[in-house]
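Shown next, in structure tokens, is the structure this report addresses.
The values are calculated or read from the model by the stated rules, or taken from the named source; none is laboratory data. All values reported here derive from a predicted model rather than from experimental measurement. Here the Cβ positions follow ideal geometry from the backbone for every residue, glycine too, while neighbour counts run over all protein chains shown.
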Amino acid sequence: MKIAIDLQACQTPESSRRGIGRYSLALAQAIARNRGAHSVQFLLNRAFADEGSGLQRELEGEQEALVETYRLVGYDAASSEDRKKLARLNDELLNWRYACTGADAVHISSVFEGWLTGDAHVSGKIDQVPGAIRSATLFDLIPLLFDDAYLSAPARADYFARLAVFHQLDLVFAISESARHDAIRRLNIPSERIVNIGAAASAAFHRLPDPTGQAASEVLSRHGIGQRFILYTGGMDYRKNLDFLLDAYAALPAEVRGHTQLIVTCEVTPEGHRDLQRRAAARGIDGQTIFTGFVTDEDLNVLYNRCELFVFPSLYEGFGLPLLEAMACGACVLASNSSSMPEIVGRPDALFDPTDVASLVRMLHALLAAPDRRRELGEFNVHRARLFSWEKVAQTFIGAIEDAHARRQGKPSCAPSMRRARVALVSPLLPQRTGIAEYCTSMLPHWSRHFDLELLADGYVPQLDGIVGSYPIRDLAQFRGNANRFDSILYHFGNSPYHASMYALLPRYPGIVVMHDFFLSGLVQWMDHTGGVPGLFSRELAIAHREEALLEIDAMARDRLPMDTLATSYPISRRVIEHARGVIFHSQFARQLALDTYPDLALVPSCVVPQACFVSAPDPAERQAARERLGLKSDDVLVCAFGFLVETKDNPLLLEALASRSVADDERIRVAFVGALEPGPLRSRIDAMLAQHPMRSRIAITGYVDGDEYMRYLAACDIGVSLRSNSRGETSAAMLKQLAAGCATIVSDHAAMSELPANVALKVPAAAEPLARALELLAHDPRLRAQFGLAAKRWVEQCCQPAHVADQYACAVALLTELDHARCARRLVTRIAGIADQERLDATSTAAAAEAVAAGLALHPASGRWLERPS
């Protein structure tokens, strides 16, 4: 899974040096450290290049984390109305860039960046970024909770527009349980979509080995601070309740204030600093109160370590990070009993009512006179602070993303449409003799529940007898004349000559491709040798695999390397994938194989839809009849391997395992290879093995069998064996049929088969000994065979039932089309032009938008493949 994190909050002047920016950076770095098998990409706004340059270097230091910048249209000094017009452009540009990351999850660090002023922008239409889990951090709802103090009339509408972004998200990450509860209560967001991930202190804040040493004393001296002091750090806005602290300090006895200063650290303007001094003077404490202004983390760490008390009187905190920082340093802390602060402090005797000055005065006076009590509270705080860590925060974040992604994968959903999509099906159909033709013909009634299907059949008439439904059939000329009428074109590609016409059709009429085989080299080879396109194999191999294959192409041209060898080594499927609007694979393995082979085509939208299975389990009478017809005794154990015998199916490995004494000595075991074995090196090898095999009289190779005979063996089978080596991304239809029939099945722990649940099939490595042990185990334990068979049958019914697979196809077609549109540069340009026309934007704004598009294309060259397409 790929997680993209927009870290604009770490760049803006409003947030970068405050709690939001610090939190966002720490969380992002922790996610990168704890990403496991996931990849992480950071996104930065190029408008803050000076602020972001050092940040970018810091982020690039995170192991294997990518950093990408995006360009938007600058706001400069635009009026409020003009900002809204330009924001429409930036919504389109930013959503496009998010889509181009190909991320499975997109996280916005703060939805309030650029609120009213500045060049920052947060998409107000984040729900239009398809495919990804969309999330954002919720720090607090302070303007909503204290609207009289924070929301002026002009700002109110914009603030509520930003709050609306939270309703567009799949997940909201609250930084405290208090903030989570507020969002549920005040924003009416369903509780299951809001996760409390908490926060943690930076490692910069810790106990000093010698807090009274010379280095620490120099920090105090530099700021004019004495040996004893009460510390406060934070902002000076209304909800920070600073006047309350000044009142409480002023109410302490004069002799206490005489030897204990009040230190206030916060970044303020010169005018703000003068205002603080006036407020202290009005209370008669100006000589005992020091306003340091901004201090570095190093200096603040010393102050936390040296203070007698740390007091945090805030009326409301989303989390209250300074509290935890002070606790990590062993400070004795006192905090308000409101919002998130009780969650952090963890003990009622360190909390006070932030409206009751007298109670705080009593607590301050008592604790300043009780050094042992302060030490006890400080020790508690150190241990308490260790419960909060960025590793836990990141792991909770990633876990929530994983759960949301798994739910979406397990239960695909698509928005209901007002009309059925018109879909052209481009695939071989019966009576053409290919498994894909049989598969697609059988799926027609199920697909037709979702789509208005029209079938392309050029040069033959599809055999649809017994297929429910009516399907218009077009020849190639009719298709070309009507291609723009279709919402989607659905191509089913396999590695056989039956797909040759599709190979040339796809680049002209792009559509969604179902890759039944990732390797298409056999198809390209046939088109070169037999299909009338000489030289195609070499040309396509060079394009698809470039420098990697150049030497071998040259060797083939000199007749030093047979084409067959290259066809088994290289998939040669680039042309198909790069012209697809989206790709459907039958397994995660096949999808990953494509991404690994053609990483530059990662922008092509793809997803996984399982292969449907049309076989159902035989009833006991059918099974008994099948076994009698095959001459099996009641206690015989029939082991079957179904399908053509070819190198990739490891048939010799099965013969080797069957030759082991523990299996061969079991006279009950009968073996059938149900499929054809063509003449060639493999047949010679198998014939030689059978001639010496201890079970040769009990092993049969049936040759090609018709459908009835195939089903007879399937009904009679006790143990099915499906092996694969050097998989080319295919999914075994024969294996699915075995599982559906309730056969206890042994499979290779390899490729797509390794994705099967552990209770559905017995997975073995590619070696004779473990395969023999698996055969012996199942042969001797009928109860275990029954358990595997029942689990397999239920799994197929749940995951591979044709109607259910058709539902997933409908969702996949909708999603891939949406993703393709979201990444389509041509469509983006069209939409930007439309907005510019509607809003009557000047040439400067449209030129800036064009530069932003160009910057995106420079970072994602592959996305340019969409520019020349019809939108």
Checklist outcome for this item: In the stretch 753-804, anything farther than 19 Å from V721 by Cα, in contact with a helix residue (DSSP H, G or I) (Cβ under 7 Å, 6 or more places away or on another chain) and assigned to a helix (DSSP H, G or I) is listed as P802, A803
Checklist entry - Which condition number in (1) of a type in the set (D, E); (2) outside any strand (DSSP E or B); (3) under 20 Å from the mean Cα position of the chain (by Cα) is the one that E68 fails? => result (2)
Checklist entry - Just for the stretch 57-93: of the residues that are under 21 Å from I20 (Cα atoms) and aliphatic (A, V, I, L, M), which one is modelled with the highest pLDDT? => result V67
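So that you can scan it fast, the table gives a plain yes or no per residue for (1) touching a residue at least 40 places away in the same chain (Cβ under 8 Å); (2) under 17 Å from D807 (Cα atoms); (3) surrounded by 18 or more Cβ atoms within 10 Å (Cβ to Cβ):
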residue: R419; (1), (2), (3): no, yes, no
residue: G435; (1), (2), (3): yes, no, no
residue: C440; (1), (2), (3): yes, yes, yes
residue: R449; (1), (2), (3): yes, yes, no
residue: L453; (1), (2), (3): no, yes, yes
residue: L456; (1), (2), (3): no, no, yes
residue: F479; (1), (2), (3): yes, no, yes
residue: F486; (1), (2), (3): yes, no, yes
Checklist entry - out of contact with any Leu (no Cβ under 6 Å at 6 or more places or on another chain) and assigned to a helix (DSSP H, G or I) - does that describe any residue in the stretch 102-114? => result no
Checklist entry - Which of the following residues is assigned by TED's automatic domain parsing to the domain that holds M711 and among the hydrophobic types (A, V, I, L, M, F, W, C): A625, A580, A549, A602? => result A625
Checklist entry - Are there any pairs, at least 6 apart or on different chains, whose C-beta atoms fall under 7 Å, with the first in the stretch 158-170 and of a type in the set (D, E) and the second not in a loop (DSSP other than H, G, I, E, B), and if so, which? => result D170/I133; D170/R134; D170/S135; D170/R193; D170/A404
Checklist entry - Which pairs have Cβ atoms under 7 Å, sit 6 or more apart or on different chains, and link a residue in the stretch 393-410 that is surrounded by fewer than 17 Cβ atoms within 10 Å (Cβ to Cβ) and of a type in the set (F, W, Y) to one that is assigned to a helix (DSSP H, G or I) and at pLDDT below 90? => result none
Checklist entry - Which residues, taken from the stretch 72-130, are among the charged types (D, E, K, R), in contact with a strand residue (DSSP E or B) (Cβ under 9 Å, 6 or more places away or on another chain) and under 26 Å from I401 (Cα atoms)? => result R97, D104, E113, D127
Checklist entry - Condition test on G459, is it touching a Pro at 6+ places or on another chain (Cβ under 6 Å), at pLDDT below 95 and either over 30 Å from A37 (Cβ atoms) or not assigned by TED's automatic domain parsing to the domain that holds G729 (or both)? => result no
Next on the checklist: One residue is enough: does the stretch 681-698 have a residue meeting the conditions in contact with a Phe, Trp or Tyr (Cβ under 9 Å, 6 or more places away or on another chain), closer than 23 Å to D564 by Cα, touching a residue at least 24 places away in the same chain (Cβ under 8 Å) and part of a helix (DSSP H, G or I)?
Outcome noted: yes
Checklist outcome for this item: Going through the stretch 356-392 in order, the residues found to be touching a strand residue (DSSP E or B) at 6+ places or on another chain (Cβ under 9 Å) and under 21 Å from S176 (Cβ atoms) are N381
Checklist outcome for this item: For the stretch 202-219, the count of residues that are surrounded by 17 or more Cβ atoms within 10 Å (Cβ to Cβ), assigned to a helix (DSSP H, G or I) and among the small types (G, A, S) equals 1
Item to check | Output for the stretch 185-201, where each listed residue is crowded, with 16+ Cβ neighbours inside 10 Å and in a helix (DSSP H, G or I) | outcome: L187, R193
Item to check | Residue ID - surrounded by the fewest Cβ atoms within 10 Å (Cβ to Cβ), chosen from residues in the stretch 504-522 that are under 33 Å from the mean Cα position of the chain (by Cα) and without any contact (Cβ under 8 Å) to a residue 60 or more places away in the chain | outcome: R508
Next on the checklist: Exactly one condition in (1) touching a Lys or Arg at 6+ places or on another chain (Cβ under 9 Å); (2) surrounded by 18 or more Cβ atoms within 10 Å (Cβ to Cβ) is false for P652; which is it?
Outcome noted: (2)
Checklist entry - Would you pick out the residues in the stretch 1-51 that are free of Cβ contacts under 8 Å to residues at least 60 places away in the same chain and surrounded by 20 or more Cβ atoms within 10 Å (Cβ to Cβ)? => result S16, G21, L25, A32, V40, F42, L43, L44
Next on the checklist: Can you find, within the stretch 655-669, the residue that is surrounded by the most Cβ atoms within 10 Å (Cβ to Cβ) among those that are in a helix (DSSP H, G or I) and without any contact (Cβ under 8 Å) to a residue 40 or more places away in the chain?
Outcome noted: A664
Checklist entry - Out of curiosity, is E325 in a helix (DSSP H, G or I), surrounded by fewer than 19 Cβ atoms within 10 Å (Cβ to Cβ) and at pLDDT 95 or above? => result no
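Conditions (1) β-branched (V, I, T); (2) over 29 Å from M1 (Cβ atoms); (3) buried (at least 20 other Cβ atoms within 10 Å of the Cβ), marked per residue:
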site: D104; (1), (2), (3): no, no, yes
site: S109; (1), (2), (3): no, no, yes
site: F112; (1), (2), (3): no, no, yes
site: S123; (1), (2), (3): no, no, yes
site: I142; (1), (2), (3): yes, yes, yes
site: A155; (1), (2), (3): no, yes, no
site: R162; (1), (2), (3): no, no, no
site: H167; (1), (2), (3): no, no, no
site: A174; (1), (2), (3): no, no, yes
Next on the checklist: Just checking, does the stretch 228-236 include any residue being of a type in the set (A, V, I, L, M, F, W, C), modelled with pLDDT under 95 and not assigned by TED's automatic domain parsing to the domain that holds S123?
Outcome noted: yes
Checklist entry - Hey, any hits in the stretch 629-648 for a residue that's buried (at least 17 other Cβ atoms within 10 Å of the Cβ), under 46 Å from the mean Cα position of the chain (by Cα) and in a helix (DSSP H, G or I)? => result no
Next on the checklist: Being among the aliphatic types (A, V, I, L, M), under 12 Å from L425 (Cβ atoms) and under 39 Å from the mean Cα position of the chain (by Cα) is the filter here; which residues of the stretch 443-502 pass it?
Outcome noted: M443, L444, L453, L455, L456, A457, I489, L490, M502
Next on the checklist: Kindly evaluate M502 against the criterion of being touching a helix residue (DSSP H, G or I) at 6+ places or on another chain (Cβ under 7 Å) and either part of a helix (DSSP H, G or I) or of a type outside the set (S, T, Y) (or both).
Outcome noted: no
Checklist outcome for this item: Checking A767, A758, A688, A772 in turn, the sole residue that is within 29 Å of P620 (Cβ to Cβ) and either modelled with pLDDT of 95 or more or surrounded by fewer than 21 Cβ atoms within 10 Å (Cβ to Cβ) (or both) turns out to be A758
Checklist entry - V67: in contact with a strand residue (DSSP E or B) (Cβ under 7 Å, 6 or more places away or on another chain), farther than 21 Å from Q128 by Cβ and buried (at least 22 other Cβ atoms within 10 Å of the Cβ), yes or no? => result no
Checklist entry - Could you count how many residues in the stretch 529-567 are of a type in the set (S, T, N, Q) and surrounded by 14 or more Cβ atoms within 10 Å (Cβ to Cβ)? => result 1
